[in-house]
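Enquirer: Once you've had a glance at the structure underneath, I'll fire off some questions.
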Amino acid sequence: MAHHVHAPEPVDDTAVQPAVPITSRFLFVDVAAQRAKQLRRGALPRLHHASISPHKLERVAMEEVKQGVIQYTLPTTEEVQRGRGRGD
């Protein structure tokens, strides 16, 4: 079963509390993958040194998730059950 992680576009970083640390490596990969997709679509990196560094966007996304600057939400049980019928 694939997790569908909702990673919203960046908002004002000064008003956001650090995200809860991710202890599941599978959730970490899902959140980082969603963030890398946002970066590929033009979202700005949230880490200041990431904008100068020549790292791949996936590495930038993983570092952002690791440092807790990416907020994420998990789907509810109802959302997961509805998603099963779509053939994802």
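Enquirer: Mind listing the long-range amide H neighbours of Leu47? Cut-off is under 5 Å, sequence gap 5 or more, other chains count too, H placed in the peptide plane at 1.01 Å from N.
Expert: none
Enquirer: Here's another thing I want to ask about it. For the range 18-84, count the residues as N, evaluate 2.2 N^0.38 Å, and divide the Cα radius of gyration by that value, please.
Expert: After normalising by residue count via 2.2 N^0.38 Å, the value is 1.21.
Enquirer: Also, quick follow-up: If we sort 71-83, 33-45, 55-67 on the protection proxy, mean other Cβ atoms within 10 Å, highest first, what's the order?
Expert: Result, highest mean Cβ count within 10 Å first: 55-67, 33-45, 71-83.
Just so you know, all these numbers are worked out from the coordinates, no wet-lab data involved. Nothing here was measured: the structure is a model prediction, and the numbers come from that model. Here Cβ is always computed from backbone atoms with ideal geometry, including for glycine, and neighbour counts include all displayed protein chains.
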